[in-house]
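Asks: Sharing a structure here in C-alpha cells format.
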Amino acid sequence: MTRWLLGSAFAFTLATACGKSESPPDAAERRPRAAPTREAVKPELPLVRDPSFQLPAVERIVAIGDLHGDVSALRAALRLGGAIDEAGDWIGKTLVVVQTGDQLDRGDDEPQILELFQRLRGQARAAGGAVHVLNGNHEVMNVQADFRYVTPDGFHDFSSGHPDALHAQLTAGLAEEQRGRTAAFLPGGEIARRLSLQPVAIQIGGNVFVHGGVLEQHLRYGLGRINQETSAWMAGAPGQPAPASVSNPRAPIWVRDYSDGTPASESCSELTRVLTALSAQRMVVGHTVQPAGINSACDGKVWRIDVGLSRFYGGKPSVLEIRGDRLRPLTEPTSAPAASQ
C-alpha cells in the first residue's frame, strides 16, 4: 500500500512538472526579490569550516561551462583545452578539467556526454590529471522529475534501461515514453546514482567552482554539507524531496548574483567576503549565457564561462585556462571566408 501511494504521488508530481506552463525557475529567479521583513531575518551563524570540498592547487586548469546535451561542443572544448585528441582519448597529462554543471537538457546527446566524462575520469586519473564534473540546476531538476527542458530524443535515449523492481513499479503509471528516463533519474536510479558522485561546488587552490554562485549563507551552512546532502538524496530512495540547500531559489545552483550583467556593488562585496573566508582568489561560474564570451567582473574576482556553446544557443567552443594567477579564455578561431573565384 505504501509503495502504491508513493507511486501515485510521484506520478502526479511528474505530470504536473511536465505540463507546467508558468515561467521556468530560471526566469523566476531573475525577478527582483522583495527585501526580507525584520521577522524573516535570521541571526547570522558562524562560517562552517569544512575542507572536504577543497583540493590542492595544480599547475593548469581548464574550465568548461554549460553543455546542454551537445557532445560535439564538449569534444571541441576538450580539444581546445588540450585535454583530448581527435579520437577522444586523454592527452592532457596532469591537466585538471572542471565542468561547471548543466550537462543535461535542451540537447540530444546526454548519454554520450555522461559516458565521455566517465571514460575520461579514469584516463585522466591514470595520467596524473583529473576531471571534475559539477551538478547544476538542470541535473537537480531531472532528479526531481522536472523534465520541461528534455527533448523527445532525451526521453527515447533512456527508454531501453533496466530499472529495478521498485523504480519500474513507481513509473508503471506514466506514459510509456516517460518511464525509462524517469526510472533512470529518480533518486536511486541508474543515472541519479551517477550524478550523486558529482559535487555542487569544489575549490582547487585559489579557485572556487560552482554553477550559479557561492553566497555567505552557503558558507554558514557548509559547502561540504551541501555536497553531501545532494549526493545522499540522489543516491537514496525514490520519493524523497530534494534538500532545500539545492532546491531553494537562493541555492548555489540557482543564484545569478555574480553572472547576470554587471553585478551590484553589494554582490561584489559579498563575493569578496566569501573568497576571503575560503582563502581563495576567484570564483568561476556558469548558469548565465554571456553573449560577448567568457569575461570577468568584480575586479576579476568572478569569471563567467557559460558561452552558450551548445547547438541550442549557437555559441562556439570557448574555455577558461587557469595557470596560477594567469587566466585567459581560449576560443575556437573563426574560419576565414573562402576566397572568391
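The values are calculated or read from the model by the stated rules, or taken from the named source; none is laboratory data. As the structure is a computational prediction, the values presented were derived from the model and not from experiment. Cβ atoms come from the backbone with ideal geometry, glycine included; neighbour counts cover every protein chain shown.
Asks: Give the residue, chosen from Gly315, Gly239, Gly324, that is surrounded by fewer than 19 Cβ atoms within 10 Å (Cβ to Cβ) and at pLDDT below 95.
Replies: Exactly one of Gly315, Gly239, Gly324 is surrounded by fewer than 19 Cβ atoms within 10 Å (Cβ to Cβ) and at pLDDT below 95, namely Gly239.
Asks: Against the conditions (1) in contact (Cβ under 8 Å) with a residue 24 or more places away in the chain; (2) closer than 30 Å to Ala183 by Cα, where does Ala280 fall short? Just the number, please.
Replies: (2)
Asks: Consider only pairs whose beta carbons are under 6 Å apart and that are at least six residues apart or on different chains; among these, list those whose first residue lies in the stretch 207-231 and is more than 13 Å from Asn135 (Cα to Cα) and in contact (Cβ under 8 Å) with a residue 60 or more places away in the chain and whose second residue is among the hydroxyl-bearing types (Ser, Thr, Tyr) and not in a loop (DSSP other than H, G, I, E, B).
Replies: Listed by first residue and then by second, the contacts come to Gly224/Ser52.
Asks: Would a scan of the stretch 139-151 turn up a residue that is in a loop (DSSP other than H, G, I, E, B), closer than 19 Å to Glu115 by Cβ and at pLDDT 95 or above?
Replies: So in the stretch 139-151, the residues in a loop (DSSP other than H, G, I, E, B) come out as 144-151.
Then drop every residue that is not closer than 19 Å to Glu115 by Cβ, which leaves 150-151.
If we keep only those that are at pLDDT 95 or above too, we end up with 150-151.
Yes, the stretch 139-151 contains at least one residue that is in a loop (DSSP other than H, G, I, E, B), closer than 19 Å to Glu115 by Cβ and at pLDDT 95 or above.
Asks: When the residues of the stretch 210-236 are narrowed to those that are hydrophobic (A, V, I, L, M, F, W, C) and over 19 Å from Thr100 (Cβ atoms), which ends up surrounded by the most Cβ atoms within 10 Å (Cβ to Cβ)?
Replies: Taking the stretch 210-236 and keeping what is hydrophobic (A, V, I, L, M, F, W, C), we get 210, 214-215, 219, 223, 226, 232-235.
From what is left, the residues that are over 19 Å from Thr100 (Cβ atoms) are 232-233, 235.
Working: Ala232: 13, Trp233: 23, Ala235: 16.
Looking at the filtered set, the residue picked out is Trp233.
Asks: Any residue at all in the stretch 111-130 that is of a type in the set (A, V, I, L, M, F, W, C) and not in a helix (DSSP H, G or I)? Steps first, please.
Replies: Taking the stretch 111-130 first, the residues of a type in the set (A, V, I, L, M, F, W, C) are 113-114, 116-117, 120, 124, 126-127, 130.
If we keep only those that are not in a helix (DSSP H, G or I) as well, we get 130.
The answer is yes; a qualifying residue exists.
Asks: Here's another thing I want to ask about it. Between a residue in the stretch 323-341 that is more than 16 Å from Arg79 (Cβ to Cβ) and charged (D, E, K, R) and any residue that is at pLDDT 95 or above and surrounded by 13 or more Cβ atoms within 10 Å (Cβ to Cβ), which pairs come within a Cβ distance under 6 Å, given they are 6 or more apart or on different chains?
Replies: Every condition considered, the pairs that remain are Arg323/Arg60; Arg328/Glu321.
Asks: For Val41, state whether it is among the aliphatic types (A, V, I, L, M) and modelled with pLDDT under 50.
Replies: Numbers: among the aliphatic types (A, V, I, L, M): yes; modelled with pLDDT under 50: yes.
Taking the combined requirement at face value, the residue satisfies it.
Asks: Further, regarding this structure: Condition test on Arg193, is it surrounded by 18 or more Cβ atoms within 10 Å (Cβ to Cβ) and outside any loop (DSSP other than H, G, I, E, B)?
Replies: Numbers: surrounded by 18 or more Cβ atoms within 10 Å (Cβ to Cβ): no; outside any loop (DSSP other than H, G, I, E, B): yes.
In short, no.
Asks: Is it true that some residue in the stretch 254-267 is modelled with pLDDT of 95 or more, over 26 Å from Tyr313 (Cβ atoms) and buried (at least 21 other Cβ atoms within 10 Å of the Cβ)? Even if it seems obvious, please write down each step before you answer.
Replies: Going through the stretch 254-267, the residues modelled with pLDDT of 95 or more turn out to be 254-267.
In the following step, the residues that additionally are over 26 Å from Tyr313 (Cβ atoms) were identified as 265-266.
Within this subset, residues satisfying the condition of being buried (at least 21 other Cβ atoms within 10 Å of the Cβ) are none.
For the stretch 254-267, residues modelled with pLDDT of 95 or more, over 26 Å from Tyr313 (Cβ atoms) and buried (at least 21 other Cβ atoms within 10 Å of the Cβ): absent.
Asks: Kindly indicate which of Trp233, Trp254 is aromatic (Phe, Trp, Tyr), touching a helix residue (DSSP H, G or I) at 6+ places or on another chain (Cβ under 6 Å) and within 30 Å of Thr171 (Cβ to Cβ). Steps first, please.
Replies: Values: Trp233 fails: touching a helix residue (DSSP H, G or I) at 6+ places or on another chain (Cβ under 6 Å).
After applying the criteria, what remains is Trp254.
Asks: Assuming His162 fulfils every condition listed in (1) in contact with a strand residue (DSSP E or B) (Cβ under 6 Å, 6 or more places away or on another chain); (2) part of a loop (DSSP other than H, G, I, E, B) apart from one, which condition is it?
Replies: Going through the list (1) in contact with a strand residue (DSSP E or B) (Cβ under 6 Å, 6 or more places away or on another chain); (2) part of a loop (DSSP other than H, G, I, E, B), His162 breaks only (1).
Asks: Step by step: first the residues of the stretch 281-300, then only those that are under 20 Å from Ala251 (Cα atoms) and assigned to a loop (DSSP other than H, G, I, E, B), then the one that is farthest from the chain's Cα centre (by Cα). Which residue is that? Steps first, please.
Replies: Filtering the stretch 281-300 for residues under 20 Å from Ala251 (Cα atoms) gives 282-289.
Cutting the leftovers down to assigned to a loop (DSSP other than H, G, I, E, B) gives us 286-289.
Numbers: Gly286: 8, His287: 8, Thr288: 12, Val289: 14 Å.
Per the stated criteria, the residue is Val289.
Asks: Hey, among Phe147, Phe158, which residue is closer than 22 Å to Asp102 by Cβ, in contact (Cβ under 8 Å) with a residue 60 or more places away in the chain and either surrounded by fewer than 20 Cβ atoms within 10 Å (Cβ to Cβ) or not charged (D, E, K, R) (or both)? Can you show your working first?
Replies: Values: Phe158 fails: in contact (Cβ under 8 Å) with a residue 60 or more places away in the chain.
Unique residue meeting the criteria: Phe147.
Asks: Now a separate question. From the list Asp164, Asp157, which one is of a type in the set (Asp, Glu) and closer than 28 Å to Gly65 by Cβ?
Replies: Numbers: Asp164 fails: closer than 28 Å to Gly65 by Cβ.
Sole residue among the options that is of a type in the set (Asp, Glu) and closer than 28 Å to Gly65 by Cβ: Asp157.
Asks: Among the residues of the stretch 208-245, write down those that are assigned to a helix (DSSP H, G or I) and either basic (Lys, Arg) or closer than 17 Å to Leu55 by Cα (or both). Write out each step before concluding.
Replies: Looking only at the stretch 208-245, we keep the residues that are assigned to a helix (DSSP H, G or I), and these are 216-221, 223-235, 244-245.
Of everything in the stretch 208-245, those that are assigned to a helix (DSSP H, G or I) and either basic (Lys, Arg) or closer than 17 Å to Leu55 by Cα (or both) turn out to be Leu219, Arg220, Leu223, Gly224, Arg225, Ile226, Asn227, Gln228.
Asks: Give me the residue from the stretch 189-243 that is aromatic (Phe, Trp, Tyr) and out of contact with any strand residue (DSSP E or B) (no Cβ under 7 Å at 6 or more places or on another chain) and, out of that set, nearest to Arg326 (Cα to Cα).
Replies: Within the stretch 189-243, the subset aromatic (Phe, Trp, Tyr) is 209, 221, 233.
Imposing the further condition that a residue be out of contact with any strand residue (DSSP E or B) (no Cβ under 7 Å at 6 or more places or on another chain) reduces the set to 221, 233.
Values: Tyr221: 31, Trp233: 37 Å.
Within the stretch 189-243, the match that is nearest to Arg326 (Cα to Cα) is Tyr221.
Asks: Ok, one more. Which pairs do you get when a residue that is on the phi > 0 side of the Ramachandran plot, found in the stretch 233-244, comes within reach of a residue that is in a loop (DSSP other than H, G, I, E, B), reach meaning Cβ atoms under 9 angstrom, with the pair 6+ apart or on two chains?
Replies: Gly239/Leu186; Gly239/Pro187
Asks: Does the stretch 104-112 include one or more residues that are under 24 Å from Gly314 (Cα atoms), touching a residue at least 60 places away in the same chain (Cβ under 8 Å) and in contact with a Lys or Arg (Cβ under 9 Å, 6 or more places away or on another chain)? Full working, then the answer.
Replies: Kept after step one, since they are under 24 Å from Gly314 (Cα atoms), are these residues of the stretch 104-112: 104-112.
Those still in the list that are touching a residue at least 60 places away in the same chain (Cβ under 8 Å) too: 106-107.
Checking which are in contact with a Lys or Arg (Cβ under 9 Å, 6 or more places away or on another chain) leaves us with 106-107.
The answer is yes; a qualifying residue exists.
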